[in-house]
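The values are calculated or read from the model by the stated rules, or taken from the named source; none is laboratory data. Keep in mind that this is a model prediction, so the values were computed, not measured. We place every Cβ from the backbone using ideal geometry, glycine too, and count neighbours over all the protein chains shown. Side chains are part of the model used for accessible areas, which takes the heavy atoms of the whole protein and leaves out ligands, DNA and RNA. Shrake-Rupley method; radii C 1.70, N 1.55, O 1.52, S 1.80 Å.
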Amino acid sequence: MRLEARIPSGPMDQKWSRRRDEIKLVNPANKRKYTVIVVGTGLAGASAAASLGELGFNVKVFCYQDSARRAHSIAAQGGINAAKNYQNDGDSVYRLFYDTVKGGDYRAREANVYRLAEVSCNIIDQCVAQGVPFAREYAGVLDNRSFGGALVSRTFYARGQTGQQLLLGAYSALCRQIGAGTCEMHPRSEMLDLVIAGGRARGIVTRDMVTGKIESWVGDAVLLCTGGYSNVFYLSTNAKGCNATAIWRAYKRGAGFANPCYTQIHPTCIPQAGEYQSKLTLMSESLRNDGRIWVPLKAGDNRRAADIPEAERDYYLERIYPSYGNLAPRDVSSRAAKRMCDEGRGVGPGGRGVYLDFADSIKRLGENVIRVRYGNLCEMYERITGEDPYKVPMRIYPAPHYTMGGLWVDYDLMSNIDGLFVLGEANFSDHGANRLGASALMQGLADGYFVIPYTLAHYLASTKFEKLDSSNAAFRDAEGYVQDRMKKLLSINGKRSVDSFHRELGLIMWEYCGMGRTREGLTGAIDKIRGLRAEFWRDLRVLGEAADLNQELEKAGRVADYFELGELLCLDALEREESCGGHFREEYQTAEGEAKRDDAKFCHVGVWEYQGDDRKPARNVEPLEFETLQLSTRSYK
Amino acid sequence: MNLTLHIWRQKNRNDKGRFVTYPLKDVSEHMSFLEMLDILNEQLIGRGEEPVAFEHDCREGICGCCGMVIGGAPHGGHAGTTVCQLHMRHFKDGDEVIIEPWRAKAFPVLKDLIVDRSSFDRIMYAGGYISVRTGSAPEANSILIPKDVAEKAMDYAECIGCGACVAACPNGAAMLFVSAKISQFGLLPQGQPERMRRAQNMVLAMEKEGFGSCTNYTACEIACPKRIGISGIARMNRDFNKAMLCTVEAASGKRA
């Protein structure tokens, strides 16, 4: 597998401007002759499609939801980082770059992260101009708040719905292009295969989710902006429809899958309430600005929170990490919560929860201030749990939330397959082994608004394309695969529902490949997944027809892919014999229980290459070179 | 608790559709309404019957996918609550629960409880944006916006586009939805240059889609899971009327 990162030469702070000066441009009159396929309409997809349409390219956009506005970026709550330094608290592009690389436990590509920090300020300008109603101070200037893993206040926000407002901004930019005819929108369309012809990504095959029609789409480049794969755990904070089918099909067509074991378990989610639970709800990390996290000092203390005196509480994040306290990064906070519960000090049903308590802040600032800052989050908590967080502390527990791993891309966001670009959460490049809060929105919009318009144009201008239509053999082949697989799923006629399999897969993943991983556990998990996968193909029941709106059939295809991806995730976790960020191997930890990296052996990206269904995939390596920052042990104490 | 569900089943756009009754036992009060439907669907699959199709995605009240009329009320009728956030503790043993899709001319039923809301998108394509080229934005803090104005714009911006307002309206009007976008942009300085043109284009697109008009029932604001108020409709009508009286194109500085 060819893994050329194509990082521009020169000093770190000049690399991106050098690349922009070097790239080839497309003649304005020729732009409309290029067709660009964009899959997914979250922050990355919508911003990319809108920006490319505006430049004059002929853009075809696909999403599985009934409207582009519903992509899961909409659910991001807390905020978006940018190095504006409006607070005069010492922030800079360099510091945002440093915090992000350090937060990612030195497993991200330096040059990509630097560019991300550089364009962060443009994103805020762009969004404000689009009418995104960010929070403001009385003087009319933009307000900021703090997020985990940083000592400066650089997070911009719109109540607890920042993702919604940024997405609606990108969606409105996309609407403008759809109205202008440069973008053609295909909602309720699920990409089921990638088509490679002449060694280049030249199109996709989709299923119309209302009529069941299988269709081929030809283009000159394909952009996958399809998000992450947290739903491999079944219970996660992702939307029910989020799936990995697009990137998984690309992997099986030859794209490298980088660092699948880097998954993020978010520390502040509402704990599971019962067996029937269908998803977990996030409570924004921003709550940790004013909420204090604690558990009882003694194991098995069943008293109500209010009855536990101050001296018998353990504010463990403040105790263990005095300099970052409740704003320790997500991986660190999640593991600490698990340790407390493992010690028998967890609270709530099943002892799987810790308190997030606003009592002190309410005393200090008044209930009204807390209500203004977090009103909608507290309301959401109360609707779900029936408890009032202004009176009783919230109960929270970690849950799968984001995946740092994804398809491998070079500096230009192109995968190892020419013409296949991967943006946002679907790629691997910027967050290393752990993503800091408020950085996902930043990356999605950086990729879509400010990176891809340059790098894609360069690819198109420097490539000679052969004429192609969907009667080409590569398209016939992909359509055939899609049809066969649907027939197969519908004809098993077994006894078990898709959800029952997905739930069971999720339990295996959570138990053995969640917050703590061991050699023994992972090896066993791979066997268990294979066994369950065989049962899936033997005993699945999908009713209805292929040529109809069929939600069970949609789910079945996605879960079939999750079985394979789950196995690769365990394999990657097994072969990465170190702990870093969200990947915690019990065998590799310090005396204090912190992640212990092995830079001598694993300071690289692990990139998996598909070798056929019955063969072990090959593990390739892209070494990570740190020219600006010193590799050091992450400390938040 | 045990419930009796009466659910609208309709095979496709052309099918006539009908209510089918399903008894459901041992529903936990901690479940969400959609999790209750998940359980029903598991049982239907077990019996070899096609599960009930309903739209849902984020299940935390923000994507706007879900929506059904429960007991005559869109989203079940609890203030500020989408159906995915509605919990079964609001129901009691023995309840008869009637579940229907949004009913409106501009939202044809696709299957069971799923409707086609693409008309909302087409209204947005007609003008639901501020035209700003990527990369051409001025420095963010060069546009000062009073906090109360930004907050009010945010109140309108919270619309999730679920369509409950249309389902609640006896006229099948989409004016709460359209006015929310027009008001968000109309309040902000960034939205001023296109304000009249936007109101005109969006309202005309809305009428073309077959939505009804507002006659001040206010059922929409009661049904809105984001509690968006009807004051925006007055703003929209004002801007639309001004735009129609003196269109941007007609306002020439030159002698006629």
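Some points to look at:
- Check on B:Ala219, at pLDDT 95 or above and away from chain A (no Cβ under 14 Å): yes
- Out of A:Arg95, A:Arg19, sole residue that is in contact with a His (Cβ under 9 Å, 6 or more places away or on another chain), surrounded by fewer than 24 Cβ atoms within 10 Å (Cβ to Cβ) and modelled with pLDDT of 95 or more: A:Arg19
- On the stretch given as the stretch B:1-50, residues that are in contact with a strand residue (DSSP E or B) (Cβ under 6 Å, 6 or more places away or on another chain), open to solvent by 40 Å² or more (accessible area, probe 1.4 Å) and either farther than 22 Å from B:Trp102 by Cα or of a type in the set (A, V, I, L, M) (or both) total 1.
Quick grid of which residues meet (1) outside any helix (DSSP H, G or I); (2) in contact with a Lys or Arg (Cβ under 8 Å, 6 or more places away or on another chain); (3) under 29 Å from A:Ala250 (Cα atoms); (4) not polar (S, T, N, Q):
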position	(1), (2), (3), (4)
A:Ile7	yes, yes, yes, yes
A:Gln14	no, no, no, no
A:Arg19	no, no, yes, yes
A:Lys24	yes, no, yes, yes
A:Ala29	no, no, no, yes
A:Val38	yes, yes, yes, yes
A:Gly45	no, no, yes, yes
A:Leu52	no, no, yes, yes
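- Residue in the stretch B:228-246 that is at pLDDT below 95 and not in a helix (DSSP H, G or I) present: yes
- Answer residue from the stretch B:36-45, given it is closer than 19 Å to A:Leu280 by Cβ and in contact with a helix residue (DSSP H, G or I) (Cβ under 8 Å, 6 or more places away or on another chain) and is farthest from the other protein chains (Cβ to nearest Cβ) among those: B:Met36
- Selection of first residues in the stretch A:520-535 that are without any contact (Cβ under 8 Å) to a residue 60 or more places away in the chain and of second residues that are of a type outside the set (A, V, I, L, M, F, W, C) and open to solvent by less than 20 Å² (accessible area, probe 1.4 Å), restricted to Cβ pairs under 8 Å at least 6 apart or on distinct chains, gives the following pairs, ordered by first then second residue: A:Ile529/A:Gly566.
- Among the candidates A:Arg597, A:Arg541, the residue that is open to solvent by less than 60 Å² (accessible area, probe 1.4 Å), modelled with pLDDT of 95 or more and more than 30 Å from A:Ser189 (Cα to Cα) is uniquely A:Arg597.
- Test: residue in the stretch A:201-215 that is open to solvent by less than 10 Å² (accessible area, probe 1.4 Å) and under 23 Å from A:Ser439 (Cβ atoms): no
- Criterion (of a type in the set (D, E, K, R) and open to solvent by less than 30 Å² (accessible area, probe 1.4 Å)) met by exactly one of A:Asp143, A:Asp125, A:Asp89: A:Asp125
- Residues satisfying the stated conditions in the stretch A:600-636, i.e. within 21 Å of A:Met515 (Cα to Cα) and surrounded by fewer than 15 Cβ atoms within 10 Å (Cβ to Cβ): A:Thr633, A:Ser635
- Scope the stretch A:415-444; condition open to solvent by less than 10 Å² (accessible area, probe 1.4 Å) and farther than 26 Å from A:Leu631 by Cβ; matching residues: A:Ser415, A:Gly419, A:Leu420, A:Phe421, A:Val422, A:Leu423, A:Gly424, A:Ala426, A:Gly444
- Between A:Gln272, A:Gln264, the distinction of being in contact (Cβ under 8 Å) with a residue 60 or more places away in the chain, open to solvent by 20 Å² or more (accessible area, probe 1.4 Å) and among the polar types (S, T, N, Q) belongs to A:Gln272 only.
- Every pair of residues 6+ apart whose Cβ atoms lie under 9 Å, when the first sits in the stretch A:549-572 and is farther than 14 Å from A:Glu504 by Cβ and touching a residue at least 24 places away in the same chain (Cβ under 8 Å) while the second is of a type in the set (Asp, Glu) and outside any helix (DSSP H, G or I): A:Leu549/B:Asp112; A:Asn550/B:Glu50; A:Glu552/B:Glu50; A:Leu553/A:Glu545; A:Glu554/A:Glu190; A:Gly557/A:Glu190; A:Arg558/A:Glu190; A:Glu564/A:Asp613
- Verdict on A:Ala359 being of a type outside the set (Asp, Glu), more than 29 Å from A:Trp510 (Cα to Cα) and at pLDDT 95 or above: yes
- Across the stretch B:82-111, the number of residues qualifying as open to solvent by 20 Å² or more (accessible area, probe 1.4 Å), away from chain A (no Cβ under 13 Å) and either of a type outside the set (Phe, Trp, Tyr) or on the phi > 0 side of the Ramachandran plot (or both) comes to 10.
- Checked against (1) closer than 30 Å to A:Glu387 by Cβ; (2) open to solvent by less than 20 Å² (accessible area, probe 1.4 Å); (3) part of a loop (DSSP other than H, G, I, E, B), B:Ala79 passes all but condition (2).
- Residues that are farther than 26 Å from A:Gly544 by Cβ and not in a strand (DSSP E or B) within the stretch A:185-214 comprise A:Gly198, A:Gly199, listed in sequence order.
- Test for A:Arg207: is it more than 11 Å from chain B (Cβ to nearest Cβ), in contact (Cβ under 8 Å) with a residue 12 or more places away in the chain and within 21 Å of the chain's Cα centre (by Cα): no
- Of all residues in the stretch A:98-143, those that are free of Cβ contacts under 8 Å to residues at least 60 places away in the same chain and either in a helix (DSSP H, G or I) or among the polar types (S, T, N, Q) (or both) total 7.
Yes/no per residue for (1) open to solvent by 10 Å² or more (accessible area, probe 1.4 Å); (2) more than 7 Å from every other protein chain (Cβ to nearest Cβ); (3) outside any loop (DSSP other than H, G, I, E, B); (4) within 25 Å of A:Glu54 (Cα to Cα):
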| site | (1), (2), (3), (4) |
| --- | --- |
| B:Arg122 | yes, yes, yes, yes |
| B:Ile130 | yes, no, no, yes |
| B:Ala150 | no, no, yes, no |
| B:Met154 | no, no, yes, no |
| B:Ala167 | yes, yes, yes, no |
| B:Ser179 | no, yes, yes, no |
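- Looking only at residues in the stretch B:61-75 that are part of a loop (DSSP other than H, G, I, E, B) and surrounded by fewer than 23 Cβ atoms within 10 Å (Cβ to Cβ), the one that is farthest from the other protein chains (Cβ to nearest Cβ) is B:Gly72.
- The strands (runs of 3 or more DSSP E) found entirely in the stretch A:215-330 that carry 2 or more residues being of a type outside the set (A, V, I, L, M) and within 14 Å of chain B (Cβ to nearest Cβ) are A:263-269.
- Test result for A:Arg533, of a type in the set (Lys, Arg), in a helix (DSSP H, G or I) and open to solvent by less than 30 Å² (accessible area, probe 1.4 Å): no
- Condition check for B:Ile114: more than 13 Å from the chain's Cα centre (by Cα), open to solvent by less than 30 Å² (accessible area, probe 1.4 Å), of a type in the set (A, V, I, L, M, F, W, C) and more than 9 Å from chain A (Cβ to nearest Cβ): no
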